[in-house]
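Notes follow once the structure below has been shown.
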Amino acid sequence: MKDAAARETALDVKRSFIVQAPAGSGKTDLLVRRFLKLLSAVQKPEEILAITFTKKAAAEMRKRILKELPNSGAIAHRLRIQTIDAFCTALTRQVPVLARFGAQPEIIEDASELYLEAAARIFKEFNPASEKLLAHLDNDIPKATRLLADRLKDRDRWLRKTGEAPTRAELEATLASERNRLLARAKALYPRATEALARGYLTTKGEWTKRPAAPKELVSIPGLREALFALCNMPPAEYDDRQWEALEAILALLKPAVAHLKVLFGERGQADFTEFAPAALARPEDLARPGRRVPGHLALAIRAPHQADFRLAGG
């Protein structure tokens with residue numbers, strides 16, 4: 001393999017590495033080999049922690065590691081190969097008071113019902129923000145409820161940003177930044193690329209047009225069709241007043257919706273995995289106190305990390 005030297009370097013257990021490569025390139029195999037090498041360097045298997053993003057990936061890694069171990073039956077229960085969610089849960093169990101859970105709640109993988117219930121509680125009492133949102137949605141309460149419930153599902157991505165609602169100027173600056181990024185990507189492939197050019201030579205499904213026929217010089221450039229199609233789907237440069245009024249209402253309702261969700265978690269004695277990540281991050285320094293089980297070696301294999309995943313990894 002052309003990268004054999006780089007792979008071998010990544011097995012140096014005295015150093016830390018970030019390995020980025022496409023699917024099927026052998027990242028899991030490399031992580032397994034590093035884990036096995038670490039096993040020979042530590043006193044206890046529990047000193048090593050391997051984190052993946054999915055249960056399937058964790059099971060696959062465990063299977064591969066055990067296959068290489070002569071004493072797999074005796075050591076299997078001591079290997080710490082977990083998803084990021086399971087790791088967060090384990091941290092909160094060590095410091096339940098600091099994590100602010102008290103009694104450990106039941107973990108539920110699909111909390112859709114709770115998201116809908118928490119969002120529905122928002123509309124039991126009307127306020128200016130909820131009235132604005134409903135006016136924008138033609139008083140469709142179920143639709144408004146689903147809209148807020150969807151935001152609760154991915155709340156780890158925006159919760160830290162909504163302590164104070166961003167201004168219209170700040171959000172429109174984000175739109176402009178994304179538009180500039182997509183345009184720069186297209187221009188890197190074809191300097192005269194524009195949104196108008198993209199709409200002129202691509203169908204609504206992102207294929208080259210036949211009438212008029214897309215120029216051969218465009219068709220022959222690898223990746224250009226996809227880059228131009230991204231221009232067709234760029235966010236608007238700015239919000240119109242009606243859009244902003246609806247967005248402003250949503251921003252105002254997000255924090256109250258999270259508050260209802262936390263109350264609901266307490267009432268049901270349940271919580272989703274997203275709730276555990278902030279709890280695990282609340283006081284990480286307390287995990288270093290005597291008696292805490294903290295791994296000495298960390299191996300991450302996270303394909304689609306959330307913000308909390310990066311912070312847990314020290315990013």
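Here, each number is a calculation from the coordinates, and none is a lab measurement. Fair warning: this is a prediction, and the values are worked out from it, not measured in the lab. Using ideal geometry, Cβ is built from the backbone for each residue, glycine included, and neighbour counts are taken over all protein chains shown.
For the reader, a short list of remarks on this structure follows.
- With neighbour counts taken as other beta-carbon atoms within 10 Å, the residues 219, 32, 13 rank, fewest first, as 219, 13, 32.
- Overall form of region 108-174 per C-alpha gyration tensor (a/c, 1.5; a/b vs b/c): oblate
- Note, ³J(HN,Hα) from phi for region 2-14, Karplus 6.51, -1.76, 1.60, rounded to Hz, x at Gly and Pro: 5, 9, 4, 5, 5, 5, 5, 4, 5, 8, 6, 6, 8
- For residue 44, the lysines whose Cα falls under 28 Å of its own Cα, not counting residues fewer than eight places away in the same chain, are 14, 27, 55, 56, 63, 67.
- Proxy reagent accessibility, fewest Cβ within 10 Å first, across 239, 115: 239, 115
- Two-site FRET efficiency, residue 154 against residue 174, from Cβ-Cβ distance with R₀ of 25 Å, rounded to 0.05: 0.90
- Under Karplus coefficients 6.51, -1.76 and 1.60, residue-wise ³J(HN,Hα) of region 215-226 in Hz, glycine/proline x: x, 4, 5, 7, 4, 7, 8, x, x, 5, 4, 5
- Residues 275, 238, arranged from fewest to most other Cβ atoms within 10 angstrom of their Cβ, appear as 238, 275.
- Distance between modelled label sites at residue 220 and residue 55, nm, 7 Å Cα→Cβ extension: 5.2 nm
- Other-chain or far-sequence residues with amide H under 5 Å of residue 239's (modelled H): none
- Lysines whose Cα lies under 20 Å from that of residue 216, excluding same-chain neighbours fewer than 8 positions away: 187, 205
- Per-residue HN-Hα couplings for region 200-212 [Karplus 6.51, -1.76, 1.60; θ = phi - 60°; Hz; x = Gly/Pro]: x, 10, 10, 7, 5, 9, x, 9, 5, 6, 9, 9, x
- Net length gained if the chain between residue 63 and residue 199 were fully extended (0.36 nm per residue, minus Cα distance): 44.0 nm
- At q = 0.16 Å⁻¹ the log10 of I(q)/I(0) for region 2-160 amounts to -1.01, computed by Debye summation with a single uniform scatterer per C-alpha, solvent ignored.
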